[in-house]
There are 2 protein chains.
Amino acid sequence: MKRKGSQTSEGILFTDQYQLTMAQLYFTTGIHEKESQFDHFFRSYPDYGSHQAGYCINAGLEWAVKWMMNSRFGEEEIKHLRAQTGLTGEPLFKDDFLNWLSEYGNFEGITMFAIPEGRVVHPNVPLNVVQGPLAMAQILESSLLNKINYQTLIATKAARIKDTARGQQLIEFGLRRGQDIGVNAGVRAALIGGADFSSNVGISHSLGYPPKGTHGHSMVQVFMAMGEGELGAFRAYAELYPDDCLLLVDTINTLQSGIPNAIVVFEELRRKGHEPVGIRLDSGDLAYLSIQAAAMLDKAGFPDTKIVLSNQIDELVVWQIITQIEEEAPRFGVDPDHLIKRLVYGVGTNLITSKGAPALDGVYKLVALSNGKDWMPSIKLSESREKTHNPGSKKVWRIYDKRGKATADLLTLGEMNPAQIDEIILHHPLDHTKYRILKSEEISKAEPLLEKILDRGKLVYEFPSIEDMRSQREKDMDCLDLGIKRIVNPHIYHVSLSEELWNLKQELIGSTK
Amino acid sequence: MKRKGSQTSEGILFTDQYQLTMAQLYFTTGIHEKESQFDHFFRSYPDYGSHQAGYCINAGLEWAVKWMMNSRFGEEEIKHLRAQTGLTGEPLFKDDFLNWLSEYGNFEGITMFAIPEGRVVHPNVPLNVVQGPLAMAQILESSLLNKINYQTLIATKAARIKDTARGQQLIEFGLRRGQDIGVNAGVRAALIGGADFSSNVGISHSLGYPPKGTHGHSMVQVFMAMGEGELGAFRAYAELYPDDCLLLVDTINTLQSGIPNAIVVFEELRRKGHEPVGIRLDSGDLAYLSIQAAAMLDKAGFPDTKIVLSNQIDELVVWQIITQIEEEAPRFGVDPDHLIKRLVYGVGTNLITSKGAPALDGVYKLVALSNGKDWMPSIKLSESREKTHNPGSKKVWRIYDKRGKATADLLTLGEMNPAQIDEIILHHPLDHTKYRILKSEEISKAEPLLEKILDRGKLVYEFPSIEDMRSQREKDMDCLDLGIKRIVNPHIYHVSLSEELWNLKQELIGSTK
């Protein structure tokens, strides 16, 4: 079902008003079809307050590109623009501009390079390079940022939780806590970044993953209200789902009622030839309760049932739970490693909202304009030095050291291939006193990160499956030093400028001042 | 344009998997059509870390109800459920349940009461009361929470910013920072809560508000790259939009370049008979720069042009800016009151994500089941006392004192009307030692807050316009004591239980233990 008007509000008018007023200015100035280049990049890793990311996982490209390929100014959109007026009541958009938009208001002139989804990415590195007619490249900004900023933010959070959980199963639970149907994009990003499944039925279906879930407190309440109690609820559930029986044990009292009742039902199931799946803890001290639950389940002969933890989980909580289990479980006769390997994490709010850092600061900057023959670099100065972007049409290389670890991302100009140079100078993007020299014998590989996605509007790239994106993510994360993956105060990965790019940037800053 | 599969992922399958497995259990137990009642309420005000809300603004109802009226299990949905398997590969959903869903899988049996949008609301007060067949009332949970939690969160944030800004114009700028197309819901909520306009073109159009915006840095960069500089950019813009000329002045240097160039162009405009609209500041120390900008514009003869502030604005920043202006502006010969009244705020990230509190903790709890004749109250205990909900079929009253200020929200059972009672005992929801007695002579009005929206699926309510919701919000906020509206450490508004409800709750807690 679609709400009235959603076609219009999710199509090409899913943009900011100033993109349209600027586009009209380019049109009246006669530069609307001038070839331009914009870079989309983020400035800093998500900082969650008490903890910080040292890498991001790129996501959202496929949805952004599909939006581009399906969006154009049609009758409805033109009609709306024609009705807009300025403060004096005069039409804001002129007929000649609207006529041009009717005909050319689409993304068929856009050529786009991008870093594929699932890859580890870092600040100030262009995730997307957009080349094309100035007016349409400008109008693209808002939606491209919207679609890729959010998914990258969520894929990053999922990767952090998955990594801290030592690869244990992670299930996305955030439907009721996100931004309306925007949560569907979050589910996709979570699946790319590290979630194994989601509870969200529709989008899981669309993406080809089975949705996951068992039961909530209300089911137990219903049976209690009918006088059959928690045990009656568990029995009814087990009878209907004998091979998928995972019971939520905290509706009344976890240790005194929930787990003992679950064990009764698990024993009954086993007598009928079925193995129970596990229990879910959704409140209280999850570290302590999971140890007690494991002790009780072990003793009852169910040492391998899963223990699903939910309620305010994030990577810091996972870390705390694992640490406490390692310290405390032996005192209760529970093997910590075994317990940690039976845990499953259900994460709602903190994943779907990336709590603490609810937005990625991705921006879209004009870096070059064509003079008909060459790209002329462009720059915007800024009150804060870090915000001055890197100008010009650039390439992005990931440099691997002899251990096969990624040691730096390098931005270069032109056709330079770092793999073919004896000695690379890596410039700190801001501080001219900081640079690093890498000799060719220290380098095992220089890998170009940008791939061509669109060639004048034509898709020239095959979108990988989410499974392939996940493999790519795992491969990239294996190439990160542990310090970069640390969830608190991570080591800073080097993003560097080549000698030529550094010089160009200084030159442009100098000439603008 | 719609993405493939979006019909399915935004319709009735926009729910959590456990709603469906529970619904099937109710079906096999034969209680799926048992009349049940669920309350949707939030447990606590948003806490942004350094500041906290003392009230919320209710929003999202219309979108939730329209979703309900348009969502049902159709062929595509049933096909998907039929294909789902459990761990052993057997179908998870049985034919008889799916047949029932095909026929009755819609919300036509639901009766719903709700507090209207735009109203001030408080924790533990039911925003929505859902009555209907157990299985479908259960399935509704996820989407209802999704649609109302987020909009209430954002309407609340917008109200706080608008109130702190002393009613100055507030424009929503968050498209690029929110969760995919979920931002459209955020725009609607912001408009209800206090934003005057949004930059988001499509949804503004759908909702009947003109989108707002002027130009970005890239436009200035384009003219710089063409050798025409910032002044050339401003001139071109002013020529095209002589009566809507608002210039972004921080691309190069705000005080040395941007404002002087803007003044040149403003003078040219005035000579041609047009009045400039204003300038926008998007970086640096906004308080300091707005004072300097005002001084320069005043001196140049433009004392009434707007000064739009954007970049990391929230209510705390607005408060700081206003405080600093009041303290510092006179030193620069600028009248602080006049300056404060020419400010306009453009708010992106912090509004659309409700930064610091990116989710409202709204929950949906079974409070009663019908025995065919009466509602039998239901409760869920919890490890933490505050999480035990208020049972039974309740009414919600807002009690106003003699000054016309709202003094408490009162939850009652049955037909009691607080306006007709000599003396009301207001019980603290948790602490039996805390209560308050209100005599009838202290009360000016007792207002019922819940309105009937759906009667067995039929809409019996006329949705107010956003303008009407805004008026309601202003009216309700005028009835709040200043301490409740304070943006830091607000005074706690009383949400109380009637004597009967308090006794019922204690009785149920006692009988469950």
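No value in this document is a laboratory result; all are computed from the given coordinates. Not measured: the values here are computed from a predicted model. Methodologically, a virtual Cβ is constructed for each residue, glycine included, from the backbone with ideal geometry; neighbour enumeration extends over all protein chains shown.
Assorted remarks:
- For the stretch B:354-513, diffusion coefficient by Stokes-Einstein and Kirkwood Rh (Cα), 10 °C, 1.306 mPa s, µm²/s: 88 µm²/s
- Of the two radii for the protein assembly as shown, the radius of gyration is 0.98 times the Kirkwood radius, both from the alpha carbons; that is the Rg over Rh value.
- At the listed q of 0.23 Å⁻¹, the Debye profile of the stretch A:265-308, built from one uniform point per Cα, gives log10 I(q)/I(0) equal to -0.78.
- Unit Cα scatterers, Debye sum, the stretch A:329-426: log10 I(q)/I(0) for q = 0.12, 0.16 Å⁻¹: -0.76, -0.96
- The spacing between the stretch A:50-86 and the stretch A:236-275, judged by their C-alpha centroids, is 47 Å.
- Taking the square roots of five times each eigenvalue of the Cα gyration tensor of the stretch A:18-104, the equivalent ellipsoid has semi-axes of 35, 17, 15 Å, listed largest first.
- Column: log10 I(q)/I(0), Debye, Cα scatterers of the stretch A:77-223, q = 0.09, 0.10, 0.12, 0.22 Å⁻¹: -0.48, -0.56, -0.72, -1.30
- Extended-chain gain in nm, criterion 0.36 nm per residue less alpha-carbon gap, B:HIS432 and B:VAL488: 17.3 nm
- For A:LYS475, the lysines whose Cα falls under 21 Å of its own Cα, not counting residues fewer than eight places away in the same chain, are A:LYS157, A:LYS162, A:LYS402, A:LYS405, A:LYS445, A:LYS485.
- Relative frequency of Cα-Cα separations exceeding 20 Å in the stretch B:449-513, percent: 62 percent
- Set of lysines with alpha-carbon distance to A:LYS34 below 25 Å, sequence-local pairs under 8 removed: A:LYS66, A:LYS94, A:LYS365, A:LYS373, A:LYS380, A:LYS394, A:LYS395, A:LYS452, A:LYS458, A:LYS505
- Stokes-Einstein diffusion for the stretch A:294-372 at 10 °C, viscosity 1.306 mPa s, with a Kirkwood radius from C-alpha pairs, works out to 101 µm²/s.
- At 1.567 mPa s and 4 °C, Stokes D of the stretch B:67-112 from Kirkwood alpha-carbon radius, µm² per second: 112 µm²/s
- Reference-scaled alpha-carbon Rg (2.2 N^0.38 Å with N residues) for the stretch B:1-152: 1.16
- P(r) histogram, all alpha-carbon pairs of the stretch B:412-481 included - 5 Å bins from 0, percent: 3, 11, 13, 17, 18, 16, 13, 7, 1
- Helix-derived mean residue ellipticity, 222 nm - over chain B, DSSP H n ≥ 4, -39500 (n - 2.57), to 500: -11500 deg cm²/dmol
- Amide H contacts for A:LYS445 (H built 1.01 Å from N in the peptide plane; partners 5 or more residues away or on another chain; cut-off under 5 Å): A:TYR400.
- Pairwise Cα distances in the stretch A:88-129 exceed 13 Å in 70 percent of cases.
- Furthest towards positive pole of dipole, B:ASN70, B:LEU98, B:ILE148, structure part the stretch B:65-157, Cβ charges: B:ILE148
- The alpha-carbon positions of the stretch B:157-279 define a convex hull whose volume is 135 Å³ per residue.
- Tail weight of P(r) past 33 Å, computed on alpha-carbon pairs of chain A, percent: 49 percent
- Over the stretch B:213-347, the fraction of Cα-Cα pairs per 10 Å bin, rounded to whole percents and listed from the shortest bin up, is 13, 45, 33, 9, 0.
- 3J(HN,Hα) along the stretch A:470-478: 5, 4, 4, 4, 4, 4, 5, 5, 5 Hz, from the Karplus curve 6.51 cos²θ - 1.76 cosθ + 1.60 with θ = phi - 60°, whole Hz, x for Gly and Pro.
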